[in-house]
Amino acid sequence: MKEVIIGFLGCGNVGGGVWNLLENFRKEIAHRNHLSIRVKKVLVRDVSKARSCAVPAELLTTNVEDVVSDPEISIVVEFMGGEQPATEYMLRALNAGKTVVTANKVALALNWHRLQAAAQEKNVGLYYEASVCGAIPIINVLQNSLQANRIGHMMGIINGTTNYILSRMYENGEDYKDVLGDAQRLGLAEPNPAADVEGLDAAYKLSIMASLAFHGRVPFPKVYTEGITRLTAMDISCGKEMGYVLKLLAIAKRDGNTVQVRVHPTFLPDSHPLSSVNGSFNAVYLQGHACQEMMLQGRGAGDMPTASAVVSDILRASTAEIHAHPTFSNTAEADPSLTFDDNWQCQYFLRISVEDRPGVLAKIAGWLAQENVSIAKMLQKGKADNDRVPLIIVTHAAPEKSLRKAIEAFDKDVCTVESVIRVEV
Ligand code: NAP
Ligand code: HSE
């Protein structure tokens, strides 16, 4: 039996789950993998804090050197969160010849090139399955199982917190702020939940997934990002009436060497496979030229689902004869062979507050037509309290910039645009 001595950086929701899984699964790991995994030191901020796992007090430390400089520790597992000091600590561990396993998509998306370079230089491993989509093995699938494919597009629900919130808003008409507290209590949300609701968490993850899918670095700043904070229960109920379900989607599409990468609230037809993915579940729907369509679904957040990915990485790292790394040139900049398209085409859902008098619809149709945007569907709601009524328009597919330009021409004395939500089919 091989003994592997590891150190933790952090011991919160995910760290507690990893501790518990290593304890509960000890016999199986010994039997299946012939490994005995021993946690030697655990870095935390506050050693006196109550924890969700029974880590012995003598293992806790506030001195990072106890983890990254201990020659007995061969694998450092990071679940502190945030870009810094997590990145510097991981670099120190790699430079000291230790393999790193991380659940931290922020640190990875922003500093992947530095981390990978250090790992390759020292001939050690860098594993990050848990950084994207919790328990779903999407990193392994993109890196290994789909090697023989040109990925044309991926659409994913890759943030559990916002999917949990939007599912509750859809089902019960609740407001997002009321539901956010529950997502935090369930341990789904980031230490700073703004990262979830502003779409940043999904954008970090998409930058990692798209880089692997397109075999070229797609840096985080290239991802167009819009969160869910401005969505209203009214948008969701109007969309529902028209047969749509609202999701925070991460979308990556490739046409030749032109790619689009975007995270934003998106209406999907209620028959779409992603529409029935609810709660903290994540799913990635993708299409490759050989594999064709596939969807992977599973728990995208929470202590045990994330621990499932972390512990699997620890086991892979402990038994790997060689540590594999992505083969594309991993630099801070975007892959020079890729062109980023910010004028993508899709349908749009517009919620407009209009004066209820003859000729108004014709004016709106005219402003849209000037930019070649045509109307696919319309729904006028009952009379509002003031002299304006809600009008919902769904356009045919149009370029983003044409839609924006058309809306700028709307006369505010006649109507105001309350919401613009993209629609994918
Ligand atoms: P968390 O509950 O806030 O835990 C963070 C842990 O790191 C705590 O133990 C904290 O110490 C420690 N820590 C933070 N900053 C530190 C510092 N400067 N020095 C020493 N210790 C420090 O966060 P979490 O939910 O477990 O998430 C951790 C990471 O996993 C994040 O990168 C997150 O994106 C990722 N992740 C989370 C989930 C999820 O479902 N929650 C899923 C996938 C990936 P104290 O306990 O003493 O405060
Ligand atoms: N806060 C993240 C989410 C955790 O809600 O998806 C998993 O990465």
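The values are calculated or read from the model by the stated rules, or taken from the named source; none is laboratory data. The shown structure was predicted, so the numbers you read here are calculated from the model rather than taken from an experiment. Backbone-built Cβ (ideal geometry, glycine too); neighbour counts: all protein chains shown. Surface accessibility is based on the protein's heavy atoms, side chains included, excluding ligands, DNA and RNA. Shrake-Rupley method; radii C 1.70, N 1.55, O 1.52, S 1.80 Å.
Assess whether Val394 counts as being over 21 Å from Leu206 (Cα atoms), among the β-branched types (Val, Ile, Thr) and in contact with a Ser or Thr (Cβ under 8 Å, 6 or more places away or on another chain). The answer is no for Val394. Screening the candidates Val77, Val47, Val14 for the property of being in contact with a strand residue (DSSP E or B) (Cβ under 6 Å, 6 or more places away or on another chain) and not in a loop (DSSP other than H, G, I, E, B) yields one hit, Val77.
Quick one: which of Ser308, Ser280, Ser271, Ser275 is at pLDDT below 95 and either in the same structural domain as Gln147 (by TED's automatic domain parsing) or within 16 Å of ligand 1 (Cβ to nearest atom) (or both)?
Numbers: Ser308 fails: at pLDDT below 95; Ser271 fails: at pLDDT below 95; Ser275 fails: at pLDDT below 95.
Exactly one residue qualifies, and that residue is Ser280.
Within the range 242-277, the set of residues being of a type in the set (S, T, N, Q), assigned to a loop (DSSP other than H, G, I, E, B) and closer than 19 Å to Ala397 by Cβ comprises just one member, Ser271. Annotation: of all residues in the range 182-200 being more than 15 Å from Asn13 (Cβ to Cβ) and open to solvent by less than 20 Å² (accessible area, probe 1.4 Å), the one that is farthest from ligand 2 (Cβ to nearest atom) is Gly199.
When the criteria are applied in full, Ser237 fails the requirement of being in a loop (DSSP other than H, G, I, E, B), more than 16 Å from ligand 1 (Cβ to nearest atom) and farther than 29 Å from Asn13 by Cβ. Counting only strands (runs of 3 or more DSSP E) wholly contained in the range 336-422, the ones carrying 1 or more residues that are open to solvent by 70 Å² or more (accessible area, probe 1.4 Å) occupy 345-355, 375-380. Taking the range 121-140 as the range and being away from ligand 1 (no atom under 16 Å from the Cβ) and surrounded by 17 or more Cβ atoms within 10 Å (Cβ to Cβ) as the test, the residues that pass are Val124, Gly125.
Scanning the range 121-169 for residues that are away from ligand 2 (no atom under 16 Å from the Cβ) and under 19 Å from Pro219 (Cβ atoms) turns up Leu126, Leu142, Gln143, Ile151, Met154. Pairs linking a residue in the range 61-77 that is under 10 Å from Leu9 (Cβ atoms) to a residue that is within 16 Å of ligand 2 (Cβ to nearest atom) and hydrophobic (A, V, I, L, M, F, W, C), with Cβ atoms under 6 Å and 6 or more positions apart or on different chains, are Val77/Val101. When every residue of the range 91-105 is checked against the conditions, at least one turns out to be of a type in the set (Ser, Thr, Tyr) and outside the structural domain of Thr258 (by TED's automatic domain parsing). Residue pairs whose Cβ atoms lie under 8 Å apart, separated by 6 or more positions or on different chains, with the first residue in the range 25-38 and part of a helix (DSSP H, G or I) and the second not aliphatic (A, V, I, L, M), are Arg26/Ser36; Ile29/Ser36; Ala30/Ser36; Asn33/Ser318; Asn33/Thr319.
Note on the range 123-135: residues that are more than 12 Å from the chain's Cα centre (by Cα) and of a type in the set (Val, Ile, Thr) amount to 1. Figure legend. Inter-residue proximity from the range 115-130: first residues of a type outside the set (Gly, Ala, Ser), second residues within 16 Å of ligand 2 (Cβ to nearest atom) and assigned to a helix (DSSP H, G or I), beta-carbon distance below 6 Å, spacing 6+ or different chains. Indicated pairs: Tyr127/Asp313; Tyr128/Leu108; Glu129/Ile139; Glu129/Ala309; Glu129/Asp313.
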